[in-house]
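Here is the structure we will look at, set down as structure tokens.
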Amino acid sequence: TGAHGKVGRAATQALLDAGHDVLATDLTRPGFERRAEGTARYQMADLTDAGEAFAVVSGVDAVVHVAAIPEPTGNPAHVVFRTNLMATFNVLEAAVRFGVKRFVNISSETVPGFFFPERDFLPDYAPVDEEHPAHPQDPYALSKHFGEQLMNAAVERSDIRCISLRPSWVQNEGNYEQNLGPQVRDAAVLSPNLWSYIDVYDLADAIVLATEADLPGHEVFYIASPDNVGGRDFGEILHKYYGDTIELRPTDRPDASGISSAKAQRMLGWTPKRSWRDYLDADGNALPRG
């Protein structure tokens with residue numbers, strides 16, 4: 001689902017490359033020409049409509065649910081919450097009723113509450129991991145938090161196995177310089193996720209692994225690059241800009257990310273292969289492509 005978005009496109013291609021037969025769905029109008037060889041089948045569907053969700057889920061072995069309004073500021077709050085939550089509910093309900101074996105839910109790094117709060121909120125500790133308490137305030141983080149709870153309920157009432165991935169701020173060729181360049185140049189350009197990010201193709205690799213995994217129940221995994229934007233000493237910049245407000249926990253490298261993906265690496269066998277350094281120079285400017 002959400003196959004024509006930034007993450008959906010990369011995930012669709014990665015699943016095709018891994019040998020899977022992919023049915024892609026989104027709100028983009030379909031074409032009616034001959035489908036190019038090596039591309040996914042496509043069906044347009046509004047997943048907030050239960051009937052359309054059931055129609056596209058019928059007959060599949062696994063669902064990768066990427067579709068969502070990706071943050072809370074570009075739409076009215078009720079639209080963000082209703083769209084994200086009802087699409088997730090409908091697609092998951094269809095998967096349960098049709099006996100789908102695996103559901104991969106794209107959740108969000110925002111679930112603990114530290115990205116779009118109306119009242120100031122910082123994580124209790126860093127690097128943040130899956131055990132951090134969740135205190136979401138905004139409609140986007142709330143919808144993702146409740147989506148994870150829907151996964152918990154689904155594995156209780158059926159034999160489906162669910163994985164929720166919480167990607168950090170997703171980057172691709174077209175936005176590294178715009179989004180991360182300022183932070184590479186100056187660590188004082190703060191981000192609520194503590195200088196963390198994820199390359200869209202590393203995320204797509206994690207989605208493939210989650211789709212193919214046979215883990216029981218419902219597992220939640222953060223997906224973030226192991227290094228921070230700018231490659232600075234994480235302990236030093238955390239203390240410089242946040243003092244003792246955020247507890248520094250042990251890291252496995254000096255330039256560690258503000259979000260830990262150790263669980264995903266351990267349980268999914270995920271190995272990130274890309275860094276901001278592949279796209280930007282030391283001044284945060286885009287490297288030549290090709």
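Ranking of 129, 199 by solvent-accessible surface, largest first: 129, 199 (1.4 Å probe, protein heavy atoms only, all chains present).
Ranking 153, 134, 220 by how far each Cα lies toward the positive end of the dipole of the chain (charges on Cβ) leaves 153 at the top.
Quick one: how many lysine pairs does the chain have with C-alpha atoms less than 25 Å apart and a gap of 8 or more or different chains? Give me the count, please.
Values: 6/144; 6/263; 6/273; 101/144; 101/263; 144/263; 263/273.
Taking the Cα cut-off of 25 Å, the pair count is 7.
Taking only Cα atoms, what is the 0 to 90° angle, nearest 10, from helix 176-185's long axis to the longest principal axis of the chain? It works out to around 20 degrees.
For residue 164, nonlocal amide neighbours, meaning residues 5 or more places apart or on other chains whose placed amide H falls under 5 Å from its own, are 105, 219, 220, 221. When the convex hull of its Cα atoms is viewed from all sides, the chain shows a mean projected area of 15.4 nm². Taking every DSSP bridge with both residues inside the chain, close to 10 percent are antiparallel.
Taking amide H as placed 1.01 Å from N in the peptide plane, residue 113 has its amide H under 5 Å from the amide H of 135, each at least 5 places away in sequence or on another chain.
Here the accessible area is traced with a 1.4 Å probe on the protein chains. For the chain, carbon and sulfur cover 49 percent of it.
Can you give the accessible area per residue of the chain, in Å², using a 1.4 Å probe? Please list the in-between numbers first.
Working: 13770 Å² over 290 residues.
On a per-residue basis, the chain sits at 47 Å².
With a Förster radius of 30 Å applied to the beta-carbon distance between residue 134 and residue 33, the computed FRET efficiency rounds to 0.10.
For helix 6-17, what angle does its Cα long axis make with the longest principal axis of the chain, in degrees from 0 to 90 and rounded to 10? Compared with the principal axis, the helix lies near 60 degrees.
Of interest is the spacing of the C-alpha centroids, which for segment 1-77 and segment 176-252 amounts to 26 Å.
Using the rule -39500 (n - 2.57) for each DSSP H run of four or more residues, divided by the residues of the chain, the 222 nm mean residue ellipticity is -10500 deg cm²/dmol. Each residue of segment 190-201 is assigned a 3J(HN,Hα), and the resulting list reads 7, 10, x, 8, 6, 6, 9, 6, 8, 6, 4, 7 Hz, derived from the Karplus form 6.51 cos²θ - 1.76 cosθ + 1.60 (θ = phi - 60°), x at Gly and Pro. Take every Cα pair under 8 Å whose residues are at least 6 apart in sequence, average their separation, divide by the length of segment 6-278, and the relative contact order is 19 percent. Mind grabbing the accessible area of residue 278 for me, 1.4 Å probe, Å², rounded to tens? Counting only protein heavy atoms, the figure is 90 Å².
The values are calculated or read from the model by the stated rules, or taken from the named source; none is laboratory data. As the structure is a computational prediction, the values presented were derived from the model and not from experiment. In this analysis, Cβ positions are derived from the backbone assuming ideal geometry, glycine residues included, and neighbour counts consider all displayed protein chains. What goes into the accessible areas is simple: the full protein's heavy atoms, side chains included, and nothing from ligands, DNA or RNA. Shrake-Rupley method; radii C 1.70, N 1.55, O 1.52, S 1.80 Å.
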